[in-house]
Amino acid sequence: MAAFCAMRIELENLEGGKGDFAQVYRPEDLNPVDERVQIIAPAQVNGRVRLLGNEAFVNGHLETRAQVECDRCLKPVEIPVSADFALEYITGAEYESTAVAELTEDEMSVAVFDGEAIDVDEVVKEQILLAVPTRMLCREDCKGICPECGTDLNSGECACKKDDIDPRWAALKNLN
Ligand SMILES: [Zn+2]
Ligand SMILES: [Zn+2]
């Protein structure tokens with residue numbers, strides 16, 4: 001296996017304080033993204049870095065495919081991942097001298113960095129996790145697995161059916 005070519009953008013190498021970047025990651029470069037998300041296709045990222053004083057702004061686009069477990073039956077589900085991102089990086093010193101109230105306005109896109117380089121690998125992993133829905137079902141009406149015996153109820157009933165009503169059906173009944 002070839003060595004993983006990590007991508008860091010050294011800010012001092014940017015001409016005129018800005019530059020474009022593009023990278024294709026193999027799935028094995030990124031996996032495991034976390035315990036529920038596996039990348040299953042090359043991940044393409046491209047974007048632009050701009051410097052403004054002590055801050056760096058990174059805009060870009062990311063595209064790949066991921067495999068995520070169904071929340072109910074744990075079957076793997078494949079989904080396309082496509083994300084546009086706009087991030088702002090400030091140095092630790094800058095962060096400390098800035099009023100916290102000012103930062104919270106847009107806190108999700110502000111990150112503290114060392115002032116020297118942008119770690120594109122980290123950006124890509126973060127953006128993948130943000131783009132994957134927190135709730136994932138293989139299909140809207142996935143029946144899940146039986147909590148008693150572990151049978152996949154999409155492929156048939158199991159023997160432990162009791163009188164108690166599935167809470168999802170109970171909820172539907174209440175609608176009527
Ligand atoms: Zn499912
Ligand atoms: Zn069962």
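The values are calculated or read from the model by the stated rules, or taken from the named source; none is laboratory data. Quick caveat: nothing in here was measured; it's all calculated off a predicted structure. Positions of Cβ are generated from backbone atoms using ideal geometry, with glycine treated the same way; all protein chains shown enter the neighbour counts. All accessible areas refer to the heavy atoms of the entire protein, side chains included, with ligands and DNA or RNA removed. Shrake-Rupley method; radii C 1.70, N 1.55, O 1.52, S 1.80 Å.
A count restricted to region 128-154 and to residues that are open to solvent by 80 Å² or more (accessible area, probe 1.4 Å), away from ligand 1 (no atom under 11 Å from the Cβ) and without any contact (Cβ under 8 Å) to a residue 40 or more places away in the chain stands at 3. Put simply, of GLN67, GLN44 the only residue that is at pLDDT 95 or above and either more than 30 Å from THR151 (Cα to Cα) or among the hydroxyl-bearing types (Ser, Thr, Tyr) (or both) is GLN44. Looking at GLU78, is it open to solvent by 50 Å² or more (accessible area, probe 1.4 Å) and in a helix (DSSP H, G or I)? No, not satisfied. Of GLU88, GLU122, which residue is away from ligand 2 (no atom under 16 Å from the Cβ), in a helix (DSSP H, G or I), surrounded by 13 or more Cβ atoms within 10 Å (Cβ to Cβ) and modelled with pLDDT of 75 or more? Residue meeting the stated conditions: GLU122. Within the set ARG8, ARG72, the sole residue that is surrounded by fewer than 18 Cβ atoms within 10 Å (Cβ to Cβ) and not polar (S, T, N, Q) turns out to be ARG8. Applying the criterion of at least 2 residues that are under 19 Å from ALA117 (Cα atoms) to the strands (runs of 3 or more DSSP E) found wholly in region 13-72 leaves 18-25, 43-52, 55-69.
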